[in-house]
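Single-structure report; data block below.
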Amino acid sequence: MNASEPYLFKPGKIRLGVNIDHAATLRQARYREAGPSVARFVEPDPILIARLAEKAGADGITAHLREDRRHIHDEDVLRLRQSVKIPLNLEMSLASDVVEFAVKLRPQAVCLVPENRKEVTTEGGLDVVSLKKRLAPIVDSLTQAGAAVSLFIAPDIAQVEAAAAVKAPVVELHTGAYANAYDTPQRAEEFARLVAAAEAAHALGLIVNAGHGVNYVNIPEIRTLPHLHELNIGHSILSRALCTGIEEAVRAMKDLANPPQI
Ligand code: PXP
């Protein structure tokens, strides 16, 4: 069985991929100077967050290994690979060292995202139309390494067609413009673009994922996107966890500051 098969298997429900990057962002805001070696001993530990997300029913964990490693480190990804059983979706740029790292790691899924301006469409997704030549061999080598390769694209038919042309099996539709327009008259138009892109991708045999800016308010509409296989969500889940976890966190610290006298 191909290593990505469990990832591609459709259980008849929308899969939830939990993006743990924001936990790493918070960690680095305090511990950047300390370097990667302290990562296991300080809070928040993105790998612990991933394990708890898995326990709560997440279908996958997404982490973005940036070229400058400013949030998630290589060590985080290696620990993730060992610590969680659900599929790892490695978000990554087209940089050759990151591609080499992913080929060795063999995650179940990868999502190629733009990191420098030249790779970005006007709407923020990967400009697959302009990058076709560069992308095709990258998609091929990651596919050979057993990953389900997804391209993070704006909901634009030309980008969908280019994704099919470079033989990516999956597209992740960028829901950011829709999320930003949620409370404006443009929302219906943005949603219609997502629907059209999802239909076009499905017609070309592509698996349809979506993500960016999906939250507890807009998910009732987002989940009605046709052919939706997986949502990748980070910010809203991590933000809610801060609120739902604050009481326990304060109680625990207060108890430690005032241990019972023996
Ligand atoms: N999908 C991709 C490709 C992303 O880069 C991100 C993070 O920006 C997300 C999904 C999750 O977005 P958010 O944190 O807004 O939920």
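The values are calculated or read from the model by the stated rules, or taken from the named source; none is laboratory data. Since we're looking at a predicted model, the values are computed, not measured. Methodologically, a virtual Cβ is constructed for each residue, glycine included, from the backbone with ideal geometry; neighbour enumeration extends over all protein chains shown. Only protein heavy atoms, including side chains, enter the accessible area calculation; ligands, DNA and RNA are left aside. Shrake-Rupley method; radii C 1.70, N 1.55, O 1.52, S 1.80 Å.
Some values worked out for this structure:
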read-out	value
Among the candidates A168, A197, A164, residue that is buried (at least 21 other Cβ atoms within 10 Å of the Cβ) and under 22 Å from T143 (Cα atoms)	A168
Extreme residue, nearest to the ligand (Cβ to nearest atom), among residues of region 126-159 that are outside any helix (DSSP H, G or I) and open to solvent by 10 Å² or more (accessible area, probe 1.4 Å)	F152
Number of the exception - P87 against (1) closer than 22 Å to L206 by Cβ; (2) more than 14 Å from the ligand (Cβ to nearest atom); (3) open to solvent by less than 10 Å² (accessible area, probe 1.4 Å)	(3)
Residue list for region 109-123, filter: free of Cβ contacts under 8 Å to residues at least 60 places away in the same chain and not acidic (D, E)	V110, L112, V113, P114, N116, R117, K118, V120, T121, T122
Qualifying residue in region 248-258 (condition: modelled with pLDDT of 95 or more, within 16 Å of the chain's Cα centre (by Cα) and either within 16 Å of the ligand (Cβ to nearest atom) or surrounded by fewer than 12 Cβ atoms within 10 Å (Cβ to Cβ) (or both))	no
Conditions (1) in contact with a Cys (Cβ under 9 Å, 6 or more places away or on another chain); (2) farther than 30 Å from I157 by Cα; number of the one not met by N232	(2)
Unique residue being under 20 Å from N19 (Cβ atoms) and assigned to a helix (DSSP H, G or I) when the list is A197, A179, A162, A192	A179
Residue count for region 37-66, restricted to those that are open to solvent by 40 Å² or more (accessible area, probe 1.4 Å), part of a loop (DSSP other than H, G, I, E, B) and in contact with a strand residue (DSSP E or B) (Cβ under 9 Å, 6 or more places away or on another chain)	4
Residue selected from region 96-125 under the condition of a type in the set (V, I, T) and at pLDDT 95 or above, by the criterion nearest to the ligand (Cβ to nearest atom)	V113
Residue count, region 203-217 (criterion: within 11 Å of the ligand (Cβ to nearest atom) and open to solvent by less than 30 Å² (accessible area, probe 1.4 Å))	4
